[in-house]
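Single-structure report; data block below.
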Amino acid sequence: MQVLVCDNVSSKGVACLKDQPELDVTVVDGDLTDELLVDAEALVVRSATKVTSEVMDKAPCLRVVGRAGVGVDNVDVDYATARGIVVRIPRILIS
């Protein structure tokens, strides 16, 4: 699974993801590009990255958005739900 980790997610959280052999983790330093999004199956974001319908449309393989932090106000949850994309706040990424 291709996972894009955006914003400033804790090194502990990134290490936990990279320890999973089935995950291909890319830490994004800067903006999400179309080239990165095209194969992304998962996004991990904090508050800087806005996961809008436009972003999700550029990620046809996207299955899950993990929000490392509190709340999901930067994720278009209604659009994600309509697309069948799961939006979660994984505890491991915020501890």
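At-a-glance table
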{"quantity": "Residues of the stretch 47-56 classified as out of contact with any strand residue (DSSP E or B) (no Cβ under 6 Å at 6 or more places or on another chain) and crowded, with 18+ Cβ neighbours inside 10 Å, total", "calculated": "3"}
{"quantity": "Which numbered condition Val72 misses (of (1) of a type in the set (Val, Ile, Thr); (2) modelled with pLDDT under 95; (3) assigned to a helix (DSSP H, G or I))", "calculated": "(3)"}
{"quantity": "Listing of strands (runs of 3 or more DSSP E) fully contained in the stretch 1-52 that carry 3 or more residues being farther than 20 Å from Asp76 by Cα", "calculated": "24-27"}
{"quantity": "Residue match in the stretch 70-88 (condition: in contact (Cβ under 8 Å) with a residue 40 or more places away in the chain, of a type in the set (Lys, Arg) and either surrounded by 13 or more Cβ atoms within 10 Å (Cβ to Cβ) or in contact with a strand residue (DSSP E or B) (Cβ under 6 Å, 6 or more places away or on another chain) (or both))", "calculated": "no"}
{"quantity": "Any chance Ala59 is modelled with pLDDT of 95 or more, buried (at least 18 other Cβ atoms within 10 Å of the Cβ), farther than 19 Å from Asn8 by Cα and among the small types (Gly, Ala, Ser)", "calculated": "yes"}
{"quantity": "Ala59, sole failed condition from (1) within 19 Å of Asp78 (Cβ to Cβ); (2) touching a Cys at 6+ places or on another chain (Cβ under 9 Å); (3) small (Gly, Ala, Ser)", "calculated": "(2)"}
{"quantity": "From the options Val87, Val77, Val25, residue that is under 19 Å from Met1 (Cα atoms), out of contact with any Leu (no Cβ under 7 Å at 6 or more places or on another chain) and modelled with pLDDT of 95 or more", "calculated": "Val87"}
{"quantity": "Unique match (being over 11 Å from the mean Cα position of the chain (by Cα) and closer than 26 Å to Lys12 by Cβ) among Leu32, Leu36", "calculated": "Leu36"}
{"quantity": "Search result, residues across the stretch 60-69 that are within 11 Å of the chain's Cα centre (by Cα) and in a loop (DSSP other than H, G, I, E, B)", "calculated": "Leu62, Arg63, Ala68"}
{"quantity": "Total residues in the stretch 1-35, condition under 17 Å from Val55 (Cα atoms) and in contact (Cβ under 8 Å) with a residue 60 or more places away in the chain", "calculated": "1"}
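The values are calculated or read from the model by the stated rules, or taken from the named source; none is laboratory data. Computed from a predicted structure; not experimentally measured. Cβ: placed from backbone, ideal geometry, glycine included. Neighbour counts: every protein chain shown.
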